[in-house]
Amino acid sequence: MATNLAGYFARLRPRVRDVVGIDIGASGVKAVRLRADRQGHLTVLAAGLLPRIDLSATDGSLAPMVLPKPLQGWSAAVACSFPQAGVKLLSLPADKIEGAAFADLLGVPRPPETRIGHLVFESESRSEVPVLAAGVTASSVESLLNLFPSGKPSLGSVEVSGLAALSLYLRRFAGAGEKGCDLVLDAGERITTMTLCHKGRPLVIRQFPQGGAAMAEQVMKDLGVDAATAADILNIGSIDVRTSLQRAYEVFLRQLGIAIDFAERRSGQRLRRILLSGGLAANSDLCAELQAQVGLQPEVLKPWSGMDLAPNAIPDGVKGHEAPFAAATGAALNLLEVA
């Protein structure tokens, strides 16, 4: 009699129920600790902004990450922007996925120089299915592993930040049975990830090497101000800098209409929502430019919508500024394996 030992032990192994999601960004670290009960109901135990970590250090000086006690979950799900990551949405024959040469398709070095992962989505086609693939350098992953040498929390997963933010949308905000397409935009410090989705499936995924840093640099150049003033202008929104945004995001804005047109033709549905996350999500100039380009008022994702909040879980500095925690939350949800 054949016995599926892998499936048997998977049933015996306890599910992860206490996870801290950590988004290591260019400007700082966002962390959120989630707990899931046996029914999959979620509680935010703690959240916080932590100092920036320089992963580029190669001299062994990178110290292990020490989290504040409220953020010390049993497991850690890490998201990182990985500027050199290869990310593509592929269409592959259903019976050829496991043997696919993902490194060649992504245009990255083959393993072991690159760590590669992929996710298969459901498809209405019997011949081909959409596959989201990502590849990052093994040295980058090794740097993250060194942040969690032993003890609590143990590193459970590593993801690309823009894709972790997309996971938040797919698990919590996508309406599989609803009509229309969604534009999901994660505008981080260095990378902007644009995804067009229909019925919870991505139709287009593009990453652009622009974000909050490029916006700040353009504002500094156009207005002749220093970095601190440029940051205040972007955060407060008291000065109209849409011209600077248009220059910094020129390539993205040029590709936006093309991507929307493709998604609408592919799905046969019109765009119905724009959902924003990341550090620039609440920027009034970005929202105004998107509305002018697309004709829809953008919505800022609230990553902890529908979750319980433990007492004092959200610090004052985070309240009202939850959108940058989308990637950390999405990474935690993926490790918890709950919607």
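The values are calculated or read from the model by the stated rules, or taken from the named source; none is laboratory data. Computed from a predicted structure; not experimentally measured. All Cβ positions, glycine included, derive from the backbone under ideal geometry; neighbour counts span all protein chains shown.
Data for the structure
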item: Criterion violated by R254 - all others in (1) surrounded by 13 or more Cβ atoms within 10 Å (Cβ to Cβ); (2) under 26 Å from the mean Cα position of the chain (by Cα) satisfied; result: (1)
item: R190 vs. criteria modelled with pLDDT of 95 or more, farther than 28 Å from R17 by Cα, among the basic types (K, R) and surrounded by fewer than 22 Cβ atoms within 10 Å (Cβ to Cβ); result: no
item: Some residue of the range 130-146 being in contact with a His (Cβ under 9 Å, 6 or more places away or on another chain), of a type in the set (V, I, T) and not assigned by TED's automatic domain parsing to the domain that holds T195; result: yes
item: Only listed residue being surrounded by fewer than 18 Cβ atoms within 10 Å (Cβ to Cβ), within 22 Å of the chain's Cα centre (by Cα) and assigned by TED's automatic domain parsing to the domain that holds V251, chosen from G200, G107, G117; result: G200
item: Residue satisfying all of: in the range 120-137; small (G, A, S) and modelled with pLDDT of 95 or more; surrounded by the most Cβ atoms within 10 Å (Cβ to Cβ) among these; result: G135
item: Residues located in the range 233-242, provided they are touching an Asp or Glu at 6+ places or on another chain (Cβ under 8 Å) and farther than 15 Å from G211 by Cα; result: G237, D240
item: Residue within the range 275-294 that is β-branched (V, I, T), assigned by TED's automatic domain parsing to the domain that holds R242 and farther than 29 Å from A47 by Cα present; result: yes
item: From G180, G156, G162, G151, residue being surrounded by fewer than 21 Cβ atoms within 10 Å (Cβ to Cβ), assigned by TED's automatic domain parsing to the domain that holds A323 and touching a Ser or Thr at 6+ places or on another chain (Cβ under 9 Å); result: G156
item: The one condition in (1) part of a loop (DSSP other than H, G, I, E, B); (2) assigned by TED's automatic domain parsing to the domain that holds D54; (3) among the small types (G, A, S) that A100 fails to fulfil; result: (2)
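Every residue, every condition in (1) in contact (Cβ under 8 Å) with a residue 60 or more places away in the chain; (2) over 14 Å from the mean Cα position of the chain (by Cα); (3) under 26 Å from E98 (Cα atoms), yes or no:
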position	(1), (2), (3)
L132	yes, no, yes
G135	no, yes, yes
L144	yes, yes, no
G151	no, yes, no
V158	yes, no, yes
L168	yes, no, yes
E189	yes, no, no
T195	no, no, yes
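Listed here are the residues, each with its yes/no results for (1) assigned to a helix (DSSP H, G or I); (2) farther than 18 Å from Y169 by Cβ; (3) within 24 Å of the chain's Cα centre (by Cα).
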| position | (1), (2), (3) |
| --- | --- |
| Q210 | no, yes, yes |
| A213 | yes, yes, yes |
| L290 | yes, no, yes |
| K302 | no, no, yes |
